[in-house]
1. Roughly how many debye, to the nearest 20, is the charge dipole of the stretch 307-423 about its Cα centre, given +1 on each Lys and Arg Cβ, -1 on each Asp and Glu Cβ, and no other charges?
2. Separation between the L403 and Q120 pseudo-spin-labels, each 7 Å from Cα along Cα→Cβ, expressed in nm?
3. Along the charge dipole of the chain, Cβ charges K/R +1 and D/E -1, which of H281, F58, L163 sits furthest on the positive end?
4. If you place +1 on the Cβ of every Lys and Arg and -1 on the Cβ of every Asp and Glu, how big does the dipole about the Cα centre of the chain come out, in debye to the nearest 20?
5. I need the Kirkwood Rh of the chain: take the reciprocal of the average 1/r across all distinct C-alpha pairs and report it in angstrom.
6. Given R₀ = 30 Å, what would the calculated FRET efficiency be for E423 paired with V203, taking r from the Cβ atoms and rounding to 0.05?
7. Placing +1 on the Cβ of each Lys and Arg and -1 on the Cβ of each Asp and Glu in the stretch 298-409, which of V326, A342, P315 has its Cα farthest towards the positive end of the resulting dipole?
8. Between T198 and residues 5 or more places away or on another chain, which pairs have amide H atoms under 5 Å apart, with H built 1.01 Å from N, and which residues are they?
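The values are calculated or read from the model by the stated rules, or taken from the named source; none is laboratory data. Since we're looking at a predicted model, the values are computed, not measured. Please note: Cβ atoms are built from the backbone with ideal geometry, for glycine as well, and neighbour counts cover all protein chains shown. These area figures cover heavy atoms from the full protein model, side chains too; ligands, DNA and RNA do not enter into them. Shrake-Rupley method; radii C 1.70, N 1.55, O 1.52, S 1.80 Å.
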Amino acid sequence: MAGISRRELLLGSTGTVAAFAAGGFLSRQAQAAAHSLTLARIRHSVLPGTITGNMMSFAPDGPPPVLRFKKGQATSIDVRNGLDEASVVHWHGLRIANGMDGVPYLTQLPIEAGQQFRYQFTPPDAGTFWYHPHCNTLEQMARGLTGVLVVEEDEDPGFDQDLPLNIRDFRLGGDGQFIDLFKPRNAARGGTYGTVSTVNWKVAPHYELAAGSLVRLRLAVTDVTRVGTYDITGGDAQLIALDSNPLPKPIPAKDVVLSPGQRADIALRVPDNDGGTVRLHLKRPNGDKELAVFLPRGQSARRDLRELKPLAPNPVPEPDLANAEVLDFVFGWSPEGGAPQASICGSLGYTFWSINRTAWAGDLPGPFDPLATLRLGKSYILRFRNETPNAHPIHLHGVSFRLLRSNKRQLAPLVTDTALLLENETMEVALVADNPGDWAFHCHVIEHQKTGLAGFLRIAE
Ligand code: C2O
Ligand code: CU
Ligand code: CU
């Protein structure tokens, strides 16, 4: 029994881990992982006065926990699948080894019901990230499986408090129970919206913050569909990072557009006690929606935003644009429109979308052809052409890219892993293919991803 922690011994008294022990879990992995997640069906009160059944979380007793890692430090997470179906966990935005990326068949086998998998990696970048399944993705995410992941900087920038905000909708009826998770006619358009907006699984939560303090708000839009404009009123709020990458210079946190998968770090100077409340809004044409309220409490800490240390840029390599090869990607309708093949990771039963005229066949053993093969270490310009009348947040696993230009608007030269491609827009982004493996590449409107708008890029020697 040497090397088995007290915690595992305690856990070992439950049926779940005993089952893993039978599969060799305790003998092979006697050392406890630094973190553990248990996928479970739970009941939870989201809509006040109701209890939602049949939710899914990464913890058996509440919303998904915020995971906190440190930049450049190895970590490990034991994922125990307590669902009655297969799953797999992806760490959105982390540039880690391909085998730990959590995509079924492309990087690992699905984690079957009752099984577990240990993820081990070293996050190279600091910032706000998130995690979610990549198997039966629409249903599992819609039911709750989306969590915020924080990678802390080497050097503390000097905030008094750090507050992750997991922003998403749930599709609930007035009785608090799930209604149909999507409608096919919406999946073929902009996607199906949820009915209840939440922050950290609460409707318009109130947070008490120390008056006059400096708070880092970490907005993570983990919704399956909604592209939104977020706004903060009532306090001095500066946008300091987008999609984990610091802005060269902070700008006022006004009208921040975030699509599914995107994150914004905001430095908030909480007003003094008599200075009123701060509100986070989702802007909508038919009236803004209040997502969260922040109330100053106590004596003013008298902090000043200028006391914060600027965030250091992440070590994302700069593409060599003069020698970059251009690769074209066309996002369009599906040429055939047949149903995708059945998979242990589910299927929505429709094919509506494609990349380069090919619809993703489903989460299947394959082998499938990559959309493109990139040479390790070389620079590329990816040209995204959207020939549809809908917007698509295009996400690439494993490597970050820099926004270059668009035929429709001025693009800030941001580094990201998820870029909102507007209707009929052509956008160019650039990257260095520095991380070998097969990397999923898809729209982050999950209905689009699951009805064809997905594929992968191969980075090979
Ligand atoms: Cu956040 Cu492939 O996904
Ligand atoms: Cu991802
Ligand atoms: Cu899309």
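1. Charge dipole of the stretch 307-423: 300 debye, to the nearest 20.
2. Between L403 and Q120, the simple spin-label model gives 3.8 nm.
3. The listed residue farthest towards the positive side: H281.
4. 420 debye
5. So the Kirkwood estimate lands at 22.8 Å.
6. Computed FRET efficiency for E423 and V203 comes out at 0.45.
7. P315
8. Long-range HN contacts for T198: R168, D169, F170.
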